[in-house]
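No value in this document is a laboratory result; all are computed from the given coordinates. Everything quoted here is computed from the prediction, not taken from an experiment. Positions of Cβ are backbone-derived with ideal geometry, glycine not excepted, and every protein chain shown enters the neighbour counts.
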Amino acid sequence: MADSSQAKVIPLHGSPSADGAGSQGTDSGSTGDADRSASLGDGLIEAAGALAQGLAARTLGDDWRRKVAGGLEFARRRLTGEYEVDDLGFDPDLTENVLLAILRPLYENWFRVEVRGLDNIPAVGGALLVANHSGTLPVDGLMTHVAVHDHHPAHRHIRMLGADLVFRTPVISELARKGGTTLACNEDAERLLSAGELVAVFPEGYKGLGKPFSERYKLQRFGRGGFVAAALRTGVPIVPCSIVGAEETYPLLGNVEPLARLLGVPYLPITPTFPWLGPLGLVPLPSKWIISFGEPISTDSYDAEAAEDPMLVFDLTDQVRETIQHTLYALLLDRPDAF
């Protein structure tokens, strides 16, 4: 009589066999299916990884790993407060990693900016960049900042001097401060120049930005020459900067003056696309840009009292203006087509 304590094991799948062959065959088949499933799963994971890497490379470029790592490091610094802001509000960490990164596609792919004469900008120490202003919106200052930071060997930041309206506009004022812009007054300009900063001024102001398209590339008055006085007091060189291309980004065809006065803005533009296309009218036209930096005009041979000489200030102001104007004409001849 068989021992009832030893129960017979009946396989759940397959036929029972006295020698266990059926059981062994089933185990072998199950192992093979599991191996194939594992292999398929690994293949899907590898394919998904390759797809993700390909999308990242297309979106961020071939060095996407470095960009992702840089983005994570930037987020860590912002969360832990390991970044610096100067007493005028400039945040170089945010400017380099966010603001300039947003502007770079416009600079490289939309306006296709060509920059010349970067060797005329000193690698260290204070200097005053004086540029023409145009284009309805102040995009030219932003593109100049990208040009100097990305292509000058010293990768210097530009500290722009902005009008009062910039700092009265919500959101824009905060971004402008963090991007290095400060109020266009002699006190701030001299403070930055004395600290060895690269300062940019656009003496035409709104007269240059808001001039009709029919007057494109014709410089407006440069004011009283306050920028020259600031350079004389601090002994820094003046670097003329000529910008071609900004005039065609938003060609100004008209100005709704009554509504502009009501809103408290210097002008309310009418362009070929605005206001007809609504928000799409704010997209700039893809004009071809050239930014050229001329030979520096030295001021260190004058003493600080020279800034109080109105004739000297006038002569230097006129010299800078004429240099920029003649360079603009030359650049226009060198640029075969506006677009």
Measure off 7 Å from each Cα along the Cα-to-Cβ vector at R112 and F213, then give the distance between these two points in nanometres to one decimal.
2.0 nm
Would you compute the Debye intensity of region 113-168 from its alpha-carbon atoms alone, equal scatterers and no solvent, and pass along log10 I(q)/I(0) at q = 0.15, 0.20, 0.23, 0.28 Å⁻¹ to two decimals?
-0.48, -0.81, -1.02, -1.35
Charge tally in the Cβ shell below 12 Å around E82, where Lys, Arg are +1 and Asp, Glu are -1, E82 excluded:
0
Go through 239-252, 214-227 and give me the packing order, highest mean Cβ count within 10 Å leading.
239-252, 214-227
Net charge of neighbours whose Cβ lies under 11 Å from the Cβ of Q220, counting Lys and Arg as +1 and Asp and Glu as -1
+3
As a footprinting exposure proxy, order I291, I270, I121, I238 by other Cβ within 10 Å, with the fewest listed first.
I270, I121, I238, I291
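Calculate, in whole percent, how much of the Cα-Cα pair population of region 194-321 lies beyond 22 Å.
The answer is 49 percent, as a whole percent.
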For peptides 256-263, 153-160, sequence by mean Cβ density within 10 Å, most packed first
153-160, 256-263
When the Cα centres of region 198-274 and region 65-98 are compared, how far apart do they sit, in Å?
32 Å
Among the lysines, select those whose C-alpha is under 25 Å from the C-alpha of K67, and discard any that sit fewer than 8 residues away in the same chain.
K178
Please list, ordered by chain and number, the residues whose modelled amide H lies under 5 Å from the amide H of M160; skip anything fewer than 5 residues away on the same chain.
T181, T182, A200
